[in-house]
Amino acid sequence: MSKEIKFGTDGWRAIIGKDFNLRNVEAVAQAIVDYLKLDTRYKRLDTKVAVGYDTRKLSAEAARRISGVLAGNKIKVILSDRPLPTQAISYTVRSRRCAAGIMVTASHNSARFNGIKIKGAFGGPLESGITDKIERFIFKHKPVKISIHQARKSSLLEVADLVCGYLKFLKSYLDMRLLKKGRLKVLVDSMHGTADSYIARVLKDTPCKVTTIHKDRDPSFGGIKPEPILPCLREAASLIRRRRFDVGLACDGDADRIAAFDSRGRFINPQQVISLLLLHLLRHRKLKGAVVKTIAGTALLERIAKKYKLKIYETPIGFKHISRLMQKKDILIGGEEAGGIGFKNYLPERDGILAGLLLLEMLLAENKSIEALLEEREKEFGRCFYLRKDLQCSPQDKDKVKAKLANLRKRKSFLRIKINKVKDYDGLKFYLAGGSWVLFRLSGTEPLLRIYAESDSLVKTRSLITEGARVLSLRAPKGRDNLKKGLLRRYRSSQ
């Protein structure tokens, strides 16, 4: 197995020019080919693979190199003619009966990273067992490749518009009649990623007025990490306050995650979005099914599921675990802490664009502001203050951090609050007396340790995270601390 290339929680990611280079990209492509040739499930298919890419540096060229390796191995390729959302590749895989999909993206990582996500024939992320098998083939065989020109000439390569079909499918899921009755004023921050102006395009024939910022392609993402968290969305928050939008939406770099703002520019974290969308599916769409949350997910989902007598599943972090359940069980909604959400009767895949549009659909169905909906939900299901803090943890520090977490595991209390229960199947999570909790987890995609916490008080949640950082003696990356005092003051004053 290559020491350079390792698939994490959501694909392979590496620094451009270092481990992410065209040699390694071709090696991954050949490994995928080697796996497909051995997997008997794909022998029943006319083996073809969909290939897409995001707006990052080297993404388009990497997609062409991958296509050249696939074609060199006599596998037909459908290559996107432009950068596109990751979920559009998942849709193409399923609608065109592909054996797999390959997306060149580093999702929400900073501009110095790029990577590869692999999608299965079902239209969702591959589980770890399969990516582990693909890893074993990396550098086992020299890539067999031909040029894009040769691939086209031999009819092994089709360069196609993969966006229009995806948008048509997305619109078929929405209640367009309801959306055509609305007059919402919406701000969308595409964060220079593949969300482009697609929300505005879907709502083009409706009375809704959509303003999209950062829709231009910028491989540096304007110097800001394309992750829909408050520190990366300050411009959007300011615009909403100054220009009086009804709601704000933001997608990450490859558009499969969502975050939102209310009309006063207050950040609505993805956990709040997931809980609102669950209520929308239940109350307005009249759908039923189980709920899936990750170990880092909000307790709100459990409270809602209990009231509506829905089964709830908990998984490790990573949408691949949610996707696997969506293929086997009757799942109504599945959400991860970072804003990736999947829906019943759709793909077993997260879709930030769809999630944002469903949120608008809910506002029109209720004929209420998002502030009013959040207030009603709080009265019905209680207050939940959810925060996350990212701490630097280099590969060299991982063993020390793991040792500190092992010692932390022995505790009977945390912040002088009794620990009622502990889970350690993905990180270390303490369930505390009074209903609060705190989770420590090393990231599977970045050199970070993340601390998550939730309680019925912002001060208490902040204290849990501050204590966790103190115990581990780690510091926040420069410009990345989403618990800065100024942000907390603004958040507290808005409550």
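The values are calculated or read from the model by the stated rules, or taken from the named source; none is laboratory data. Keep in mind it's a predicted model, so treat the numbers as computed, not measured. No Cβ is skipped: glycine too gets one built from the backbone with ideal geometry, and neighbour counts run over all protein chains shown.
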Filtering region 388-425 for residues that are within 29 Å of L282 (Cβ to Cβ), surrounded by 11 or more Cβ atoms within 10 Å (Cβ to Cβ) and modelled with pLDDT of 95 or more leaves a count of 1
Across region 420-452, what is the number of residues that are within 30 Å of G8 (Cα to Cα) and in contact with a Phe, Trp or Tyr (Cβ under 7 Å, 6 or more places away or on another chain)? 13
I'd like to check which strands (runs of 3 or more DSSP E) are fully inside region 373-478 and have at least 1 residues that are in contact with a Leu (Cβ under 9 Å, 6 or more places away or on another chain) and within 27 Å of E227 (Cα to Cα). 385-392, 428-432, 437-442, 448-455
Matching residues in region 163-180 - criterion: being farther than 20 Å from L79 by Cα, of a type outside the set (D, E, K, R) and loosely packed, with under 13 Cβ neighbours inside 10 Å: S172
